[in-house]
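The values are calculated or read from the model by the stated rules, or taken from the named source; none is laboratory data. As the structure is a computational prediction, the values presented were derived from the model and not from experiment. Don't worry about glycine lacking a Cβ; one is built from the backbone with ideal geometry, like all the others, and counts go over all protein chains shown. Ligands, DNA and RNA are excluded from the accessible area calculation, which covers all protein heavy atoms including side chains. Shrake-Rupley method; radii C 1.70, N 1.55, O 1.52, S 1.80 Å.
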Amino acid sequence: MSTILLKNKRQKGEITMNQTTRTKRIQKARLTGGLLAIILLMLFTQACGNGSKTVSTSASPSTTAAGAKTQAPATLNYGYIGTSKLNFPGGAEGWGFYKGIIQEELKKYGITDVKLTAFPNGPDLSESLISGRLDFGSLGDTPAILAKSTGAKTRFITQSATDSIGYLIGKKNGPKTLADLKGKTITTQKGSFHHRYLAGLLKENNITDVKIVHMLRVDAEAALSRGEVDAMTNTGVFALKQIDQGFTLIDDATKHPNLLGTSATVVTEDYLSKNPDFPKVWNEIRLKALNDLKEKPDDYYKFLAELNNSTPELMQKVSPISGIKDVPFTDEGIKLIEGTKKFLVDEKLAEKDFDLNKWILK
């Protein structure tokens, strides 16, 4: 019995000694870890002080809530409307990318890789903005408004054009006037600027007995040629080509200034949280590209002709340089987009109303 007690005492003593040793080791490790953390913190602080600078504006400094400098992501994802073998949009944005002006300027702000993605229409682009595939994009005002009305977390930073003309083209030997559209089938790109133009046109003329079908431009042009539909909406050089081919011009938005479309460049709130100075930077770079193309109008129209498989003369007619705005917003443009938003809300095309002034980021 005494042998067992002695053995138990010895074991308890060993356990106590082992526990004491482990405790000392843990305390030593904590002390060492704490010193290491302090050293790393000092090194990190020093490194931040020597880091590259980001653009700063008084309205939106590139700092976090804690006051630390932020660095813009190196990759920028941009979407636009239109498809061509060159994979560029038109306007100052397209010229700037085509000539490399925008890419070179963005490098000054840490953006070294710009990815351009073309979309057939605005609703598709909006979906990519909402899903996070794009950081920002340029599209028509109607799809941008419709997306915002569903709660899309975007901000409106540039309205580069305010005179987009919609055309209503009839099939050969088909309807020639608006009154002839009764009981007919019309194709449009639903949710786009085309759709808003058509809906506004029909409402103004009290035309209700029509069937509206969604089709992208290429499909609609083919269907119109085969006589499967009676009319379609179109725009720009594509509409003028149809007129030259003998299709009927039923109407165009030049007769209805309130139905002219405008453009909208929007950026996601998520990207703005990482690069709050982006709107100012973008608009300054875009202006530089615009000034460059103004000095080379012949080259610019050749560029547009290649984009649209057309001629420089026709591009000068449908997309004159004078129509490109040199400021982010104009009173005329804001008035037009306010009217568009009101129409979309009143006609229940937009899911819900929102404050336009809170969406615009100047």
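In sequence order, segment 264-270 has phi-based couplings of 8, 9, 10, 10, 6, 5, 4 Hz under the Karplus curve 6.51 cos²θ - 1.76 cosθ + 1.60, θ = phi - 60°, and Gly or Pro positions carry x.
Remark on segment 203-362: Rg and Dmax equal 19.0, 52 Å (Cα only). Protection proxy ranking, highest mean first, for peptides 157-168, 225-236, 178-189: 157-168, 225-236, 178-189, where packing is the per-residue count of other beta-carbon atoms within 10 Å, averaged. Cross-link check: pairs 211/255; 182/241; 241/294; 274/325; 255/358; 255/362 evaluated at a Cα-Cα cut-off of 29 Å; pairs beyond the cut-off: 255/358; 255/362.
For residue 314, the accessible area of its heavy atoms, probed at 1.4 Å with every protein chain present, is near 40 square angstrom. Other residues within the sphere of radius under 13 Å centred on the Cβ of residue 230, judged by their own Cβ, net out at +4 (K and R +1, D and E -1).
Segment 67-116 and segment 247-304 have Cα centres lying 14 Å from one another. Note on segment 176-209 and segment 321-351: Cα centroid distance 20 Å, given to the nearest whole angstrom.
If you add up the charges near residue 102, with Lys and Arg at +1 and Asp and Glu at -1, over every other residue whose beta carbon is less than 15 angstrom from its beta carbon, what do you get? Local net charge: 0. With the simple spin-label model, which puts each label point 7 Å out from Cα in the Cβ direction, the residue 327 to residue 204 separation comes to 2.6 nm. Cross-link partners for residue 107 among the aspartates and glutamates, with Cα-Cα distance under 17 Å and sequence neighbours closer than 8 places in the same chain left out: 93, 135, 277, 284.
Note on residue 218: accessible area approximately 90 square angstrom, rounded to 10, probe 1.4 Å, nucleic acids and ligands left out.
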